[in-house]
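Colleague: After the structure tokens below, expect a handful of questions from me.
The values are calculated or read from the model by the stated rules, or taken from the named source; none is laboratory data. If you're wondering where the values come from, they're calculated on a predicted model, not measured in any experiment. Quick reminder, even Gly has a Cβ in these numbers, built from the backbone with ideal geometry, and neighbours come from all protein chains shown. SASA here: full protein model, heavy atoms, side chains in, ligands and nucleic acids out. Shrake-Rupley method; radii C 1.70, N 1.55, O 1.52, S 1.80 Å.
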Amino acid sequence: MRLRTALTAATAAFALALSAAGSSAAATGEFRYVTLDLNNVQIQHVLDDPQSGECIDLEGTGNLPALLGRNLTTSVATVFQEAACDGDTFWVANPGAFVPVTARFRSVVFS
């Protein structure tokens, strides 16, 4: 009986450890960027506490890529020219840094 209880407890602890290891942490803070609508009007966007380690396709970048990025998170932001973090890495922005004004990007991942 004690062996079964110990085995059940060990199995539950192992499952809990696996679920905690698999969860993603969030980058604390904001990532800001601008898109242009079809009339060239700027639209401000903010990602609040984005997930780390997951590629994020940026809202509003279907027709034209994003521009004027600012990384106000606690993590490094890597922006990509294409959606789904495809293509070349366009820029790596440390916490507090701007993405260069010449950059055009559609997705970002935080580390």
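Colleague: Consider ASN63 carefully, then state whether it is loosely packed, with under 12 Cβ neighbours inside 10 Å and of a type in the set (S, T, N, Q).
Modeller: Details: loosely packed, with under 12 Cβ neighbours inside 10 Å: yes; of a type in the set (S, T, N, Q): yes.
In short, yes.
Colleague: Regarding THR74, is this residue closer than 15 Å to VAL34 by Cα and β-branched (Val, Ile, Thr)?
Modeller: On the way: closer than 15 Å to VAL34 by Cα: no; β-branched (Val, Ile, Thr): yes.
Considered against the rule, which asks whether it is closer than 15 Å to VAL34 by Cα and β-branched (Val, Ile, Thr), THR74 comes out as no.
Colleague: Where the second residue is open to solvent by 80 Å² or more (accessible area, probe 1.4 Å) and the first is among the aliphatic types (A, V, I, L, M) and lies in segment 44-55, which pairs have Cβ atoms under 9 Å and are six or more apart or on separate chains?
Modeller: If the second residue must be open to solvent by 80 Å² or more (accessible area, probe 1.4 Å), the pairs left are VAL46/ARG32; LEU47/ARG32; LEU47/GLU59.
Colleague: Sticking with this structure for a sec: Being open to solvent by less than 60 Å² (accessible area, probe 1.4 Å) and modelled with pLDDT of 95 or more is the filter here, so list the residues in segment 16-35 that pass it.
Modeller: Matches in segment 16-35: GLY29, GLU30, PHE31, TYR33, VAL34, THR35.
Colleague: What's the total number of residues in segment 66-101 that are in contact (Cβ under 8 Å) with a residue 60 or more places away in the chain and open to solvent by 40 Å² or more (accessible area, probe 1.4 Å)? Write out each step before concluding.
Modeller: We begin by selecting, within segment 66-101, every residue in contact (Cβ under 8 Å) with a residue 60 or more places away in the chain; these are 95, 99.
Right, trim to open to solvent by 40 Å² or more (accessible area, probe 1.4 Å) and you get 95.
Result for segment 66-101: 1.
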